[in-house]
Amino acid sequence: MSDPIDRDGLDARFWERKPLTKMTQREWEALCDGCGKCCLNKLEDEESGRVALTRIACRLLDDSTCRCAHYDNRHQFVPDCIVLKPDNLDTHAYWMPETCAYRLLWEGKPLYDWHPLISGNAQSVHEAGVSVQGWTLSEFDIPEDEWEEHIIEEPV
Ligand code: SF4
Ligand code: SF4
């Protein structure tokens with residue numbers, strides 16, 4: 001399957017030399033590994049601030065491709081979907097998946113070898129077992145008061 005994210009022609013390992021705030025829009029978008037884990041619903045404990053991940057996915061997530069079914073106009077359906085930007089990463093990094101490229105770079109860590117920018121293959125994130133491919137439940141099917149029964153450990 002071809003890569004749904006346009007990563008052609010970018011400078012080799014640009015993320016190792018450019019700060020997040022200096023990246024072009026294409027470079028920024030290319031950082032996404034396509035894992036789909038940020039589209040899983042989370043439960044946050046108000047007192048401790050601890051965030052638990054569930055296998056209940058946003059209504060727009062297609063877990064066969066791990067892509068948003070209506071990315072460009074998703075806010076019509078999911079108004080509170082986050083638009084991640086360099087200047088709001090500090091407020092969101094704490095709940096982002098541990099393997100998310102944006103979180104890794106924000107924390108000063110390297111990307112994994114399975115990242116499509118390194119492997120050259122969009123399937124490598126799925127082959128490494130770190131995506132949501134094939135194992136989510138839709139929020140349409142599970143009432144919110146049952147989400148706690150579907151808490152999972154992040155696949156890393
Ligand atoms: S968790 Fe990060 S890398 Fe994975 S799909 Fe979401 S934004 Fe992209
Ligand atoms: S609207 Fe799309 S991008 Fe946003 S959480 Fe849902 S599936 Fe993910």
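Only the coordinates and a few stated rules stand behind these numbers; no lab work does. Values in this document were obtained by computation on a predicted structure and should not be read as measured data. Glycine also receives a Cβ, built like all others from the backbone with ideal geometry; neighbour counts cover every protein chain displayed.
Observations on the structure shown:
- Footprinting exposure proxy for 119, 131 (fewest neighbouring C-beta atoms within 10 Å first): 119, 131
- Distance (nanometres) between label positions extended 7 Å along Cα→Cβ at residue 90 and residue 69: 3.8 nm
- Environment charge of residue 24, counting only residues whose C-beta is closer than 12 Å and scoring Lys/Arg +1, Asp/Glu -1: -1
- Amide H within-cut-off set for residue 35, under 5 Å, with H built and near neighbours excluded: none
- Short-range pairs are left out: with C-alpha atoms under 8 Å and at least six residues apart, the relative contact order of the chain is 32 percent.
- Among 135, 119, 79 - extreme Cα towards positive end, dipole of the chain, charges at beta-carbon: 119
- Listed values for the range 45-52 are Karplus-derived 3J(HN,Hα) couplings in whole Hz (6.51 cos²θ - 1.76 cosθ + 1.60, θ = phi - 60°), namely 6, 5, 7, 8, x, 5, 10, 10, and x replaces Gly and Pro.
- Under-5 Å amide H pairs with residue 57, H placed in peptide plane, nonlocal only: 41, 137, 138, 139
- Counted by Cβ distance under 13 Å from residue 83, the other residues give a net charge of -2, where Lys and Arg count +1 and Asp and Glu count -1.
- One way to sum up the overall shape of the chain is the equivalent ellipsoid from its Cα gyration tensor, whose semi-axes run 26, 18, 15 Å, largest first.
- Between residue 78 and residue 17, the distance separating the two model label sites (each 7 Å from Cα on the Cα→Cβ line) works out to 3.5 nm.
- Ordering 21, 136, 65 from the fewest to the most neighbouring beta carbons within 10 Å gives 21, 65, 136.
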